[in-house]
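Shown next, in structure tokens, is the structure this report addresses.
The values are calculated or read from the model by the stated rules, or taken from the named source; none is laboratory data. If you're wondering where the values come from, they're calculated on a predicted model, not measured in any experiment. Positions of Cβ are backbone-derived with ideal geometry, glycine not excepted, and every protein chain shown enters the neighbour counts. Side chains are part of the model used for accessible areas, which takes the heavy atoms of the whole protein and leaves out ligands, DNA and RNA. Shrake-Rupley method; radii C 1.70, N 1.55, O 1.52, S 1.80 Å.
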Amino acid sequence: MKRVVIIGGGIAGLAAAYSLREHRKPSDNDFEIVLIEKKATLGGNIRTEKEKGFLIEGGPDCFLSEKPWAMELCKRIGLEGDLLNTNEADRKTFVLSGGKLHELPEGVILMIPTRIMPLATSSLISIPGKIRMAMEMFIPKKKDREDETLGSFVRRRLGQETLDKIAEPLVAGVHAGDPETMSVRASFPKFVQLEEEHGSLIKGMLKRMELMKKTRKAPAPGTPPRKKVTMFLTLKGGLSDLVNTLTVRIEGFGNTRIRKGLAIKSVHKNGTGYELAFEGGEPPLHADAVVVAAPAYAASSLLSGLDKALSEKLLTIPYVSTATVSIAFRKKDVRHPLNGFGFVVPRTENRKIMAATWTSVKFSYRAPEDSVLIRCFVGGAKNMELVSLNDEEMIKMVRDELRDIMGIDAEPVLARVFRWVNSMPQYTVGHEERIAAIEEMVSRHHGLYVTGSAYHGIGISDSVRNGEVIAKKILHQLSD
Ligand SMILES: Cc1cc2nc3c(=O)[nH]c(=O)nc-3n(C[C@H](O)[C@H](O)[C@H](O)COP(=O)(O)OP(=O)(O)OC[C@H]3O[C@@H](n4cnc5c(N)ncnc54)[C@H](O)[C@@H]3O)c2cc1C
């Protein structure tokens with residue numbers, strides 16, 4: 001029987017394993033799947049912990065519904081009833097500017113203004129900055145299709161102030177990245193598309209919104225109203241429920257094994273397939289197809305004996321380190337109204353945290369009634385050295401920041417630090433060409449595949465989709 005080995009039990013590896021079974025036709029030959037995960041736990045960056053009535057997400061805390069693959073997967077494995085919307089009544093984001101929190105004007109979608117009044121009355125952007133934003137509609141579109149940094153794109157279209165106060169901190173909050181090195185084409189392809197198709201981000205966004213309104217069909221009489229889905233979704237019991245349920249489903253299929261606490265050291269060609277060597281004393285494993293669903297630098301090391309040029313190319317995808325600090329207080333000790341989902345911190349403010357989510361406001365079921373839970377982001381491209389602070393130093397630093405920014409000086413009832421070393425791939429300028437070259441090199445090795453957040457999208461939903469795409473390719477290979 002043929003064997004598929006998946007290296008890495010993050011969400012991409014798990015989605016690939018599940019999809020291989022889900023899409024196998026009864027007429028296909030059966031094959032064995034072995035998924036190998038280095039750590040003692042599955043899920044990679046996804047890690048939910050429960051303590052003293054709090055639900056703490058150490059890594060990701062939600063996924064985008066606009067990219068439907070994670071949501072659809074949840075539905076298919078029986079978690080539809082657990083999907084949890086954000087608490088929309090409090091959907092506001094704040095930006096730290098001049099040491100004070102200012103509301104991100106309503107109607108600003110990512111960084112594109114779509115409503116006049118909230119922008120006109122906003123205390124975040126100066127009058128010249130607002131005029132410059134509005135002028136975006138008259139800025140001619142770029143003539144060539146060359147990639148450029150997000151920084152250069154935003155400066156060109158919306159001006160320096162939008163870059164400093166909106167784009168840079170939002171991007172740092174999501175990608176932990178630096179807009180002066182990030183590729184706009186790879187990280188925000190929609191922005192590029194809006195410019196190319198409509199000549200302006202504002203005009204394009206307004207047109208899209210109008211079109212969406214028109215095409216939103218009125219429900220047929222008698223049909224129950226569709227359940228509203230917010231932009232960000234999570235699971236009531238935390239994102240580890242996705243990992244755990246997926247694991248149970250995968251293990252429920254025949255000929256499928258998950259092995260934890262074992263690392264693959266190298267992948268070599270062996271006849272028509274591959275030989276995989278383990279770290280430690282395990283005997284090597286033969287595979288007809290290999291999916292490397294580990295970070296790109298780990299893939300580089302695993303494949304160095306198989307293909308030196310591919311290994312070197314994989315190493316050109318940079319990663320940054322981050323940490324999250326979840327900190328809880330008694331509600332009565334916090335004077336701040338917590339009237340939003342949290343705030344982001346522009347680099348120009350020279351603070352130590354990148355962003356903070358007011359977790360217990362954003363999602364229900366995260367904290368006991370009498371408490372609030374806040375999650376701060378540390379490190380990233382701009383402050384990577386802070387990730388190496390010890391727990392005590394990091395918690396003190398975060399408390400100092402929350403005291404200055406939100407006026408919270410109470411004793412926390414809980415504080416938890418999670419470090420994510422080299423965990424955020426950075427899509428720097430030229431990323432698309434780099435990935436095309438990697439994929440071309442991988443395709444020269446029949447039965448070898450790479451997947452995960454390093455290649456075609458950094459979020460959970462993209463990782464699910466990428467794992468599923470690889471599964472389809474393997475099914476095709478095995479049916480040959
Ligand atoms: C702090 C933080 C917050 C985030 N927030 C969000 C969010 O809110 N929403 C969102 O959509 N995304 C978020 N992300 C991104 C999201 O976590 C990733 O997109 C996703 O988890 C990547 O999954 P993956 O399977 O590609 O990689 P990983 O989760 O990195 O999994 C790779 C796995 O491979 C294993 N491995 C490595 N080497 C070997 C080896 N030699 N042998 C065997 N196994 C090996 C690793 O141990 C790991 O388990 C966040 C990331 C971080 C770090």
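Please report the accessible area of residue 96 (heavy atoms, 1.4 Å probe, ligands and nucleic acids excluded) in Å², nearest 10.
Surface open to solvent at residue 96 totals about 0 Å².
What Rg and what Dmax come out for the chain when only alpha-carbon atoms are used, in angstroms?
23.3, 69
Just how large is the dipole of the chain about the Cα centre, in debye to the nearest 20, putting +1 at every Lys and Arg Cβ and -1 at every Asp and Glu Cβ?
1260
What residues have an amide H closer than 5 Å to that of residue 77, excluding those fewer than 5 places away on the same chain, when H is modeled at 1.01 Å from N in the peptide plane?
Result for residue 77 returns nothing.
How many percent of the accessible area of the chain is carbon or sulfur, using a 1.4 Å probe?
54
Report, in deg cm²/dmol and to the nearest 500, the calculated mean residue ellipticity at 222 nm for the chain, where each DSSP H run with n ≥ 4 adds -39500 (n - 2.57) and the sum is divided by the residue count.
Per the formula, -9500 deg cm²/dmol.
For a quick check: with amide H placed at 1.01 Å from N, whose amide H comes under 5 Å from residue 3's, ignoring anything fewer than 5 positions away on the same chain?
32, 288, 289
Near the amide H of residue 448, under 5 Å away, which other amide H atoms are found, from residues 5 or more places off or on another chain, if H is placed in the peptide plane?
The list, which skips near neighbours in sequence, is 290.
How would you order 205-213, 243-251 from highest to lowest mean count of nearby Cβ atoms within 10 Å?
Per-residue Cβ counts within 10 Å, averaged per peptide and sorted highest first, yield 243-251, 205-213.
Rounded, prolate or oblate: which one fits the range 430-480, using the alpha carbon gyration tensor with axes a ≥ b ≥ c (rounded when a/c is under 1.5, else prolate when a/b beats b/c, else oblate)?
Judged from the Cα gyration tensor, the range 430-480 comes out oblate (a/c at least 1.5, b/c at or above a/b).
Accessible area per residue for the range 319-425 in Å², computed with a 1.4 Å probe and the full protein assembly in place, what is it?
41
Could you run the Karplus curve 6.51 cos²θ - 1.76 cosθ + 1.60 with θ = phi - 60° over the range 355-363 and give me ³J(HN,Hα) per residue in whole Hz, x for Gly and Pro?
In residue order, the calculated couplings are 5, 9, 9, 8, 3, 6, 8, 4, 10 Hz.
What are the ³J(HN,Hα) values, in whole Hz, obtained from phi via the Karplus relation 6.51 cos²θ - 1.76 cosθ + 1.60 with θ = phi - 60°, for each residue of the range 150-166 in sequence order, with x given for Gly and Pro?
Once θ is set to phi - 60°, the couplings for the range 150-166 become 4, x, 5, 4, 5, 4, 5, 8, 10, x, 5, 5, 5, 5, 5, 9, 10 Hz.
Among the listed pairs 227/332; 67/331; 39/100; 165/313; 38/236, which are separated by more than 32 Å between their Cα atoms?
Over 32 Å Cα-Cα: 227/332; 67/331; 39/100; 165/313.
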